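The values are calculated or read from the model by the stated rules, or taken from the named source; none is laboratory data. What you see is a predicted model, and the numbers here were worked out from it, not measured in a lab. Note: ideal-geometry Cβ built from the backbone for every residue, glycine included; neighbour counts use all protein chains shown.
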């Protein structure tokens, strides 16, 4: 049995999802020889620390009832700096202006030779090259499948299952909020505002939906693909972005009459990164409905390989983090 | 640079595809630190052997012009037994009655501690447990992504990219010949015989199409999934199979009028293995057209994850073999 001491830095929906998944999958992980021991958890205000492993169930309960994880007044950054552990799960909120706490946390982890698995797009969309260099210097493993498609594997599909292939293009739907709104506008012939309101009511869209509906979230994901798969050193400011707020039910109806749907498509290859609404034939693999995500990878040997899955959700995103954790430490 | 000495046993479309891919990907492989050195190639009648590495281009040319690979009168089995090498690529034809030469080849490889990567379904659909035990005893690595979906990754998707998830059900289209015939019958409102003839003319169907159109090929693939993902010890005789030969254009039209397509669907979970035509809603992720394959994996954490790709083809199948090779030897 290999014991991996780890911290969870950021304890919102995704961080809590990771804790839940670790509780649920304890037996499974032991069967593959892995004992992930959470020695510290930090939210934005407090922390829980125990070098023998914190009580995940108790902390989840405390977070839900009291809104905090623990008694300690210690920051995530201090935990990463001072507590002995091998793996940092970085799940603080995405900040695409400065990279936010996430960037500092990751750099500190690499400085101390710790591995990092993250769902936090901000630092990767802002400072990819700097992060890779720091990870290299710390001899740290760095995985971020969860940043691109939630439970829909894209990076690990490209790197592992399609190893040996050269990926020449990636396009797809990488934002479930936009897909939900467009799918519902089409079904109901209803205007954008009405379906945005419905999405907000059902929890598919944030109170301030700008980040999703203006295509910024998709742009960040395309930047991560551009850097990771195509070896660019791009930031989200290099992306041409158009959102979905100007799409009308009339446009959708015209498309439908010609056998098309309109989707917010992100596309990236070695010479461009683009995000905008596109016409997609209704029987095309990219024409998936509801809030699903889809990615189509064009490869030199295998032709096109398309994968569809849930792009968001607490447990789904935690599942991508868990896959990365297993892939790092499994013998 | 890690040198891996390997043999290619069976030099039909897939074996030749492997040779071509090794030539094309030499630089790529060197960049990831791998030098695959082919020390022997055998077809059903002859062999080429050189412990310093055979000339792949010359052998491909000889095979295409003279129909044989080389001067030696040595069988694949003798090569596996007597030539020093680490990896056997087993690409002899599938035989689902006895397991064929493939079964003997694989068992011999394991007896000598060699790793095996194969596209040959027969042995795996007949003698899964025996093969796993032999691989274990030989401390050999054994990979067979190419047996299930050609260039569509299923096994490695389940084991790597979705690691940590429990797969609860797999269903999909695993035979491109059947999908082509059904897609075309639907488009042309034409009878089965006519579209079979077209598929044969275009090379999408064999002269004797029984193995594909009666669902036997799909059944073998379901058995491999049942054994590999669900821990069964099934053979293709455990599968309830119905083929596509009795489907009429009228049935397809009735389905179409109700918003459905008819597809040959294989389905497997921990309590059943089934192959037969099914109604699929036209906007369902499994409703892919042409000769594409598709697999939908139901998972406990990630929900449904669906992957679409080319299920057959010389280079596509070789690409799945290459991914397995890289995943075994990459550091």
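Comparison of B:77, B:34 shows that the only residue that is in contact with a helix residue (DSSP H, G or I) (Cβ under 8 Å, 6 or more places away or on another chain) and closer than 26 Å to residue B:121 by Cα is B:77.
If you scan the range B:257-281, which residues turn out to be within 14 Å of another protein chain (Cβ to nearest Cβ) and surrounded by fewer than 15 Cβ atoms within 10 Å (Cβ to Cβ)? Once the filter is applied, which keeps residues that are within 14 Å of another protein chain (Cβ to nearest Cβ) and surrounded by fewer than 15 Cβ atoms within 10 Å (Cβ to Cβ), the range B:257-281 yields B:259, B:281.
If I go through the range B:293-312 residue by residue, how many of them are at the interface with chain A (Cβ under 8 Å from one of its Cβ atoms), in contact with a helix residue (DSSP H, G or I) (Cβ under 9 Å, 6 or more places away or on another chain) and closer than 24 Å to residue B:244 by Cβ? Give the derivation first.
As a first pass, look at the range B:293-312 and keep what is at the interface with chain A (Cβ under 8 Å from one of its Cβ atoms): B:299, B:301-310.
Checking which are in contact with a helix residue (DSSP H, G or I) (Cβ under 9 Å, 6 or more places away or on another chain) leaves us with B:299, B:301-303, B:305, B:307, B:309-310.
Of the ones still in play, those that are also closer than 24 Å to residue B:244 by Cβ are B:307, B:309-310.
Matching residues across the range B:293-312 total 3.
Evaluated against (1) assigned to a strand (DSSP E or B); (2) surrounded by fewer than 20 Cβ atoms within 10 Å (Cβ to Cβ), residue A:130 falls short on exactly one condition, (1).
Residues that are within 20 Å of the chain's Cα centre (by Cα), within 12 Å of chain B (Cβ to nearest Cβ) and crowded, with 20+ Cβ neighbours inside 10 Å number at least 2 in none of the strands (runs of 3 or more DSSP E) confined to the range A:1-50. Once the range B:147-186 is narrowed to residues that are part of a strand (DSSP E or B) and within 16 Å of the chain's Cα centre (by Cα), the residue that is surrounded by the most Cβ atoms within 10 Å (Cβ to Cβ) is B:172. Of the residues contained in the range B:311-329, none is found to be surrounded by 18 or more Cβ atoms within 10 Å (Cβ to Cβ) and closer than 26 Å to residue A:315 by Cα.
Take the conditions (1) surrounded by fewer than 24 Cβ atoms within 10 Å (Cβ to Cβ); (2) within 14 Å of chain A (Cβ to nearest Cβ); (3) at pLDDT 95 or above; (4) closer than 30 Å to residue A:23 by Cα; residue B:143 misses just one of them, which is (4).
Of the set (1) under 21 Å from residue B:10 (Cβ atoms); (2) within 14 Å of chain A (Cβ to nearest Cβ), all apply to residue B:203 but (2).
State whether one or more residues within the range A:147-168 are without any contact (Cβ under 8 Å) to a residue 24 or more places away in the chain, in contact with a helix residue (DSSP H, G or I) (Cβ under 6 Å, 6 or more places away or on another chain) and within 14 Å of chain B (Cβ to nearest Cβ). The answer is yes, given that some residue of the range A:147-168 is without any contact (Cβ under 8 Å) to a residue 24 or more places away in the chain, in contact with a helix residue (DSSP H, G or I) (Cβ under 6 Å, 6 or more places away or on another chain) and within 14 Å of chain B (Cβ to nearest Cβ). In the range B:242-250, is there at least one residue being more than 10 Å from chain A (Cβ to nearest Cβ), under 23 Å from residue B:157 (Cβ atoms) and surrounded by fewer than 23 Cβ atoms within 10 Å (Cβ to Cβ)? Within the range B:242-250, none of the residues are more than 10 Å from chain A (Cβ to nearest Cβ), under 23 Å from residue B:157 (Cβ atoms) and surrounded by fewer than 23 Cβ atoms within 10 Å (Cβ to Cβ). Considering (1) crowded, with 23+ Cβ neighbours inside 10 Å; (2) more than 14 Å from chain A (Cβ to nearest Cβ); (3) under 27 Å from residue B:326 (Cα atoms), the lone condition that residue B:227 does not fulfil carries the number (1). When A:203, A:215 are checked against the criterion of being more than 21 Å from residue B:161 (Cβ to Cβ) and free of Cβ contacts under 8 Å to residues at least 12 places away in the same chain, a single residue qualifies: A:203.
Contact map, the range B:6-27: first residue over 17 Å from residue A:303 (Cβ atoms), second residue at pLDDT 95 or above and surrounded by fewer than 17 Cβ atoms within 10 Å (Cβ to Cβ), Cβ cut-off under 8 Å, separation 6 or more or different chains; pairs are B:23/B:57. Any residue in the range B:187-206 that is crowded, with 18+ Cβ neighbours inside 10 Å, at positive phi and in the same structural domain as residue B:293 (by TED's automatic domain parsing)? No: zero hits. Restricting the range B:320-331 to residues that are more than 7 Å from chain A (Cβ to nearest Cβ) and assigned to a helix (DSSP H, G or I) leaves a set whose member that is nearest to residue B:150 (Cα to Cα) is B:320. Does residue A:135 fit the bill of being more than 12 Å from every other protein chain (Cβ to nearest Cβ), surrounded by 23 or more Cβ atoms within 10 Å (Cβ to Cβ) and under 25 Å from residue A:103 (Cβ atoms)? Judged against the criteria, residue A:135 is not a match. Scanning for something closer than 30 Å to residue A:206 by Cα, modelled with pLDDT of 95 or more, assigned to a loop (DSSP other than H, G, I, E, B) and under 23 Å from the mean Cα position of the chain (by Cα), does the range A:76-90 turn up at least one residue? Checking the range A:76-90: not a single residue is closer than 30 Å to residue A:206 by Cα, modelled with pLDDT of 95 or more, assigned to a loop (DSSP other than H, G, I, E, B) and under 23 Å from the mean Cα position of the chain (by Cα). When residue A:91 is tested against the conditions (1) free of Cβ contacts under 8 Å to residues at least 24 places away in the same chain; (2) in contact with a strand residue (DSSP E or B) (Cβ under 9 Å, 6 or more places away or on another chain), the lone failure is (1).
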